[in-house]
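Student: Let me begin by handing over the structure; questions about it come next.
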Amino acid sequence: MARISAETRARNEEAIRAAMDRLLKGDLPHGGSCDLKTLATEAGVTRTAFYPKKNRDGTTRPGPYQHLAEEFERRLRTLPDAGEVVDPRIAQIERLKAKVADLKERLAQRDETVAELTTFKELAVSRLAAQHDEIVRLREQAAALGNVRRLPAARPGTAPYGSCS
């Protein structure tokens, strides 16, 4: 691979820095994210230029733009600490995580309410059944004694007994 001239290298570094600033401000291309792949694409350089290289003897040397990749990653890590979200997908993920937590809380409260209402319903039905049994027992007792008379049925169109109207 041919070596690039100092002028080309400076031009590429300038393009990388400009692309870095755009990405870190949130100006992401469609389908891109705030990462080295998008940075390389936006700057018009190969992504491999951001990574260390191996010499023929097996030793490693820094990539031509590795220092810019490290700067980009460092700046990217500091943005959330400042409260800035560059990638809208990350903001969406955070918003959805908060919504899921809220929905889980609401679901837990709803489950608790349903459990309380189920207990109340069982108690109410139990009390109604006990009252019904007591009414049936008292009716049987009254019928067995024979000293209780039934009131005559009300005639249609007349007020019930004891009515004030």
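Student: Percent of accessible area on the chain owned by carbon and sulfur, 1.4 Å probe?
Tutor: Roughly 55 percent, rounded to a whole number.
Student: Where does each of 4-17, 90-103 land if you order them by average Cβ count within 10 Å, highest first? Could the numbers behind the result be given before it?
Tutor: Working: 4-17: 13.1, 90-103: 10.9.
Descending mean neighbour count gives 4-17, 90-103.
Student: Here's a follow-up. Using a 1.4 angstrom probe on the protein heavy atoms only, line up 132, 30 by accessible area, largest first.
Tutor: 30, 132
Student: Ok, one more. Multiply the residue gap between residue 66 and residue 136 by 0.36 nm, knock off their C-alpha separation, and tell me the result in nm, one decimal place.
Tutor: Extending this stretch completely gives an extra 16.1 nm.
Student: Among 132, 107, 93, which residue has its Cα furthest toward the positive end of the charge dipole of the chain, with +1 on Lys/Arg Cβ and -1 on Asp/Glu Cβ?
Tutor: The listed residue farthest towards the positive side: 132.
Student: What is the angle, in °, between the Cα long axis of helix 6-24 and the longest principal axis of the Cα atoms in the chain? Nearest 10 is fine, range 0 to 90.
Tutor: 10 degrees
Student: I need to check one value: relative contact order of the chain, counting alpha carbon pairs closer than 8 Å and at least 6 residues apart, in percent.
Tutor: 15 percent
Student: Further question on the same structure: Using only the heavy atoms of the protein chains and a 1.4 Å probe, how would 139, 3, 89 rank by accessible area, largest first?
Tutor: 3, 139, 89
Student: Okay, moving on. Add +1 for every Lys or Arg and -1 for every Asp or Glu among the other residues with Cβ under 14 Å from the Cβ of residue 127, and state the total.
Tutor: Net local charge, residue 127 excluded: -2.
Student: Can you give the charge dipole size of the chain about its Cα centre, rounded to the nearest 20 debye, using +1 on the beta carbon of Lys and Arg and -1 on the beta carbon of Asp and Glu?
Tutor: Taking the Cα centre of the chain as origin, the dipole is about 400 debye.
Student: With every protein chain left in place, what is the accessible area per residue of the stretch 1-141 in square angstrom, probe 1.4 Å? Working shown, then result.
Tutor: On the way: 11000 Å² over 141 residues.
The answer is 78 Å² per residue.
Student: What order, most packed first, do the peptides 65-71, 23-29 have when packing is the mean number of other Cβ atoms within 10 Å of each residue?
Tutor: Working: 65-71: 17.3, 23-29: 15.4.
Order by mean packing, descending: 65-71, 23-29.
Student: Same structure again: Return the FRET efficiency for the residue pair residue 4, residue 91: r is the Cβ-Cβ distance, R0 is 45 Å, and the value is rounded to the nearest 0.05.
Tutor: Rounded to the nearest 0.05, the efficiency is 0.75.
Student: Okay, moving on. What angle do you read, to the nearest 10 degrees and between 0 and 90, between the alpha-carbon axis of helix 66-81 and the longest principal axis of the chain?
Tutor: Value to nearest ten degrees: 30.
Student: Sort 126, 33 by heavy-atom solvent-accessible area, probe 1.4 angstrom, most to least.
Tutor: Sorted descending by solvent-accessible area, the residues read 126, 33.
The values are calculated or read from the model by the stated rules, or taken from the named source; none is laboratory data. Since this is a predicted model, take the numbers as computed values, not measurements. Virtual Cβ from ideal backbone geometry, glycine too; neighbours counted across all protein chains shown. To get the accessible areas, we keep the full protein, side chains included, count just its heavy atoms, and leave off ligands, DNA and RNA. Shrake-Rupley method; radii C 1.70, N 1.55, O 1.52, S 1.80 Å.
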